[in-house]
Amino acid sequence: MKRLVWITTLVIAAGVILTGCRERRPEWREFSPREDFSVMMPAEPREVGFKFSDEDEEVQLHLYKAKYRGHTYRVMTGNILDESDIEELLKIGFEVRLGKWSVDERDILYNGFPGKEIISSRPRRTTVSRYYAVGNRFYILSVRYKNRYLLEEDVETFFNSFKVHPPADTAN
């Protein structure tokens with residue numbers, strides 16, 4: 001009888017351990033704020049808006065941030081003031097190895113619009129960011145994650161789901 005109880009306990013414990021160790025996948029949902037884009041997020045993002053002035057012009061930025069299991073997904077968007085801003089935006093980034101950080105960058109395109117991908121890595125954390133200049137708007141998407149806990153598929157789901165929608169007056 002003791003042996004039967006012991007075996008039953010082991011089977012139940014093994015089931016609990018295996019079930020608890022099973023990889024939980026995010027429930028991706030489309031996020032489309034009042035802005036002109038949509039993206040899939042693993043959790044409901046919160047919005048942080050802020051403004052700053054550059055001489056006579058005021059710039060308003062929107063940051064949307066969602067956290068899921070210790071990973072952070074962000075989208076930042078705002079207006080580009082003039083053509084030189086696009087060049088400055090795309091110059092952000094560098095390729096260097098500094099201390100424990102490794103940073104790599106490459107040029108990318110989004111539907112023919114210029115962009116950059118920047119990957120910064122440390123032994124335990126990685127941040128992948130993509131910068132796009134689309135018309136008179138810029139978009140910065142990023143995922144910061146613990147290296148051993150995130151599947152590359154989740155990073156690609158986030159980035160590949162990003163879509164810019166034309167303004168309502170030019171959609172027809």
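Computed from the coordinates by the stated procedures, all read-outs in this text should not be read as laboratory data. Just so we're clear, the structure is a prediction, and the values are computed from it rather than from any experiment. Heads up, the Cβs are rebuilt from the backbone with ideal geometry, glycines too, and the neighbour counts pull from every protein chain shown.
Taking 0.36 nm per residue of separation and subtracting the Cα-Cα distance, what length does fully extending residue 153 through residue 102 add?
Working: separation 51, 0.36 × 51 = 18.36 nm, distance 2.18 nm.
16.2 nm is the gain from fully extending residue 153 to residue 102.
The simple spin-label model puts a point 7 Å past each Cα toward its Cβ; for residue 56 and residue 136 those points are separated by 1.6 nm.
What number comes out for the charge environment of residue 107, summing +1 per Lys or Arg and -1 per Asp or Glu over other residues with Cβ under 10 Å away?
Values: positive: 106, 116; negative: 105, 117.
In short, 0.
Summary of packing: across the peptides 106-114, 127-135, the per-residue average of other C-beta atoms within 10 Å ranks them, highest first, as 127-135, 106-114.
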